[in-house]
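Read through the structure below, which is laid out as structure tokens, and then see the notes.
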Amino acid sequence: MIRRKAEFLIGCVFVVTMVGSVNGGWNSLAKLVDNGYDNVLVAINGHVPENLEIIDNLKEAFTEASDYLYRATRQRAFFRKVDFLIPTTWQDRPEYEAVTVERFSRADYRVEEANPVWGDNPYTVQYGECGTPGKYVHLTPWFVLDPDNIVEYYWGNKGRVLIHEWGHQRYGLFDEYGQPDEDYPDYYIDSSGTLLPTACMKDPVGWNLNKNTYKPCRKNKKTGLYGKDCVFYPNLNKNTMPASIMFMQFLESVDKYCDDSTHNREAPNKHNAICQGQSTWSVILQHPDWVDNEPADVPSTIPSFRLLYPRYRKIVLVLDVSGSMSLKSRITKLRQAVYTFIMDEISLGIDVGCVTFSDTATIISWLTPINSDEDREEFLALVMPTLNADGNTAIGSGLLTGLQVLSQNQTESVEGSIMFLVTDGQENVPPYIDDVTDNIIESGVVVDTLAWGVFAEEKLETIASGTKGSSYYYSEQTQSNAHVEAFMEVASSSSSDSENDVPALLTSFGLELASEVTFTDSFYIDESIGANTRVTVTWARDENKTPVVVMVTSPDDVVIDELSPEYVRDKAIGRISIKLQGIAKIGLWKYTIFNPTSAPHELTLSISSGSRDGSGAITLTSWSGSEKVDFPSFQYIYAELKKGTVPVTGLTGVIAHVDRPRTEPLEVVLRDNGAGADVNKFDGIYSGSFVGFSRDGRYSFHVSVKTVGNANNDYTRTGSGARTINDTKAERDFEQMLNLESGLERTSTSKVFKVSDYDISDNTDYFPPIRISDLRVIEVSYENQTVTLTWTAPGGDLDHGTAEGYDLRYSHSYNELFDTFEQATPVDDSNVVEGRSLSDPQSSGETETIQITVPSHGDKVFYLFALRAYDDAGNYSSVSNIVSANLEFIDDIDEEPNESMNIGVLIVIVLLASMIAVVAGVVVIISKKNVLKKKKVGVEKEGDRLPIQDLKLQENVV
């Protein structure tokens, strides 16, 4: 019975999690209305030099993309309205409109500096499972401006590239070509035993050539496939299939996402591996965009464009000062958080106001421009004396009064302004949240909320979600500093230009320090940070307590204490701040906190530091797969480490700390290994699942990482990006790679999600091992009649713990493994000649490698493998990806040597001026006057279009 329930759940979890991630995942503003996408946002990073051609070129590209999307989606969708977010580092112009809810972090497309892992290749930052939207599409200024007029030689039409990436960004599709860097092979054995290139098309037409010598490829004896330098070059004359855009968008015939009639689910590409063989169109049709959306004839697919500039930045604090805020030192902690927000976090140039509420709402401060430290102090002098707790909880009145403050200047729009609502209680005085929600939404104001404690109003997340705001939660657990972190996050979200200027949060936590006890720890200043480094300690002040004593020691043993000029203590607030002078020295810093009193102190500590040289700090951000979990679904947790666009990869010790209602916290290990919950290996996004629910309610989490010594492994090209024929503009720049030698310490600000329908009395094991999606064949042996397989071990509950065993099977039919797995031939321990027993899995995250014998070998002999894991309750994971092994005889001749081409380019074309030389930007037409400069390719068919591998065209090329 348990097994039957679990097997049913596996299919349900896939659908529920995918839809939950779409609705609660990345915060895109784009929406599909009457077949047109509105509010597609393109943001330009503030570090990109001003150049209006970027906008002009993107307008042209999106116009082409809109028509292509309309055809690709079978007349279901096009780009109706595209907005450009202009950075404040560019000149404000009369034609620019004021920003409202648009933020850099919400952009669907970003124009920013090249990622050295990707070069100028467009790519999408993806983090979730099949159908989960990406974070954003990355475009470089070089790609957009095309200064050398060669972009089409590499990627084809820009509009087509934008739609390839839209497949990743909006619909959660993956690439359908081989990606050897991520162990998705360029070639495979199909169900007839034929060696084919990895493609969506069943049998694409073209040439399999060594990329260094352009000779026909040879098979590798070790793998049974073509060698690592073999590349498939398509023939554009003979490829007439209309799909798929996620394979080679530059093929002239391709104008569709593949559907079930054209999809090749046998190919071992990433899309098939992650989406379990579904066609891209099938995945698209599951997206909420297609609810009640049918094909339609539209008069025009040309988008309208808006240019937006962040002129007015306004924040109003809406603070609960009801009677319950007097409990647990809440009002003291609120005052400390407001003080830190104003003095340390909020950027200059922002208008800030304040409203408090209890029985009614009171305007404490109308909007005040914060343009100097004096402005900060004057604002605090108004606000701090009013933060005293008494009375009821009139949340609706607080919201309406906050809107009144924002509306004081009738000549400026309130759209996009922020109200930050903080409350610990349930509303008990009208008007209520439901009474004012429509008014708030209509105004265009964004409401961010902080739920303080377990009894905070349940509708806070509703008003935040309805206004495109963010929700935060402070559990009041001793080790949490989430109330201060929420204020930090609201301050940083007001920036619209880039993520490069955000300071790094090194550590943030709370603790209870016993009487006359000293707490000692350390923090790292790495090569990316050191400016404006601040150590802040607060204590739950009362009149009878002596302040704690803080001391910081530099790597060269210079002591900073209460006698130092950097040391600022405010006994009235209960706060000590140490701002290190100049640029902090790289290395390990130590700190001590001493409680000299006869009673314990409840403390918080936060340490932050800015970019060392202005190029951006290494920052850590985190988020969850969905904002709400309906049990027995589960939650994904993600964290991203990067410096600007450069990922920080290969770390261990990336931990999510989850606060649970009325229960001890749990830790979740996050990994960047391309297995289990993690879809991209070494992309700087660390992933894990959470199943440790204790009851219904709010859960909060933050992520921390602390390393010693070199923090990075080798980089590989991972993720999702448009395929290019010529890879020279997408080369990695190893000189820009991060090489951290002193270590790394970061923490992310706390996030919240809500759980419902959890039954604490139900002891059913609902969670099977997570699906294995990285099964690989690493070696075959004709002589020994063996195949060596590897994969990453799942856990007993998704990616936690240890599974009970593996059910490994083989077949000669993909359909059998896809559709009737249990009818395939099982592999048992008697077939294992090397490696662990199939009934003895390693713990989650470890690498499994086994060598097994197969029944036969010879011409056209091949095997297909797949497996699933099971736990001790009999719950089975979904079937893994399918891999092929070629057991034919291959001679001992090595594959073509990796020699450099030294006699010029592959093709020299002599064309009359009247002839069109470039077709679709990546191919040339070979005329009767062609001259092959090398005794190379055995393919010289006149009229065939051959892709160019090298663009060093000689002078006789028109």
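The values are calculated or read from the model by the stated rules, or taken from the named source; none is laboratory data. Quick caveat: nothing in here was measured; it's all calculated off a predicted structure. Neighbour counts are summed over all protein chains in view; Cβ atoms, including those assigned to glycine, are modelled from backbone coordinates with ideal geometry.
Structure data summary
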{"read-out": "E627 more than 26 Å from D120 (Cα to Cα), surrounded by 19 or more Cβ atoms within 10 Å (Cβ to Cβ) and within 29 Å of the chain's Cα centre (by Cα)", "value": "yes"}
{"read-out": "Residue count for the stretch 834-847, restricted to those that are in a strand (DSSP E or B) and surrounded by 13 or more Cβ atoms within 10 Å (Cβ to Cβ)", "value": "1"}
{"read-out": "Which numbered condition D859 misses (of (1) without any contact (Cβ under 8 Å) to a residue 60 or more places away in the chain; (2) under 36 Å from the mean Cα position of the chain (by Cα); (3) in a loop (DSSP other than H, G, I, E, B))", "value": "(2)"}
{"read-out": "Sole exception among (1) buried (at least 20 other Cβ atoms within 10 Å of the Cβ); (2) farther than 20 Å from T100 by Cα for L399, by number", "value": "(2)"}
{"read-out": "Residue within the stretch 291-298 that is surrounded by 16 or more Cβ atoms within 10 Å (Cβ to Cβ) and touching an Asp or Glu at 6+ places or on another chain (Cβ under 8 Å) present", "value": "no"}
{"read-out": "Residues located in the stretch 399-430, provided they are of a type in the set (V, I, T), assigned to a loop (DSSP other than H, G, I, E, B) and over 32 Å from the mean Cα position of the chain (by Cα)", "value": "T411, V429"}
{"read-out": "Whichever residue in the stretch 132-163 is more than 28 Å from D678 (Cβ to Cβ), assigned to a helix (DSSP H, G or I) and of a type in the set (A, V, I, L, M, F, W, C) and, among such residues, is modelled with the lowest pLDDT", "value": "V151"}
{"read-out": "In the stretch 187-244, the residues that are aromatic (F, W, Y) and under 20 Å from S813 (Cβ atoms)", "value": "Y187, Y188"}
{"read-out": "Boolean, F519 is in a strand (DSSP E or B) and more than 16 Å from L334 (Cα to Cα)", "value": "yes"}
{"read-out": "Which listed residue is surrounded by 24 or more Cβ atoms within 10 Å (Cβ to Cβ) and among the basic types (K, R), from K314, K256, K270", "value": "K270"}
{"read-out": "Residue tally, condition under 24 Å from E182 (Cβ atoms), in a strand (DSSP E or B) and among the charged types (D, E, K, R), over the stretch 76-125", "value": "1"}
{"read-out": "Residue ID - farthest from L285 (Cα to Cα), chosen from residues in the stretch 64-86 that are in contact with a Ser or Thr (Cβ under 8 Å, 6 or more places away or on another chain) and not aliphatic (A, V, I, L, M)", "value": "K81"}
{"read-out": "Given (1) of a type outside the set (A, V, I, L, M); (2) touching a residue at least 40 places away in the same chain (Cβ under 8 Å); (3) more than 15 Å from V752 (Cα to Cα), index of the condition F693 fails", "value": "(3)"}
{"read-out": "Any hit, the stretch 812-827, residues being of a type in the set (A, V, I, L, M, F, W, C), within 30 Å of V669 (Cα to Cα) and either buried (at least 18 other Cβ atoms within 10 Å of the Cβ) or in the same structural domain as E846 (by TED's automatic domain parsing) (or both)", "value": "no"}
{"read-out": "Scope the stretch 754-777; condition modelled with pLDDT of 95 or more and of a type in the set (A, V, I, L, M, F, W, C); matching residues", "value": "V755, F767, I770, I772, L775, V777"}
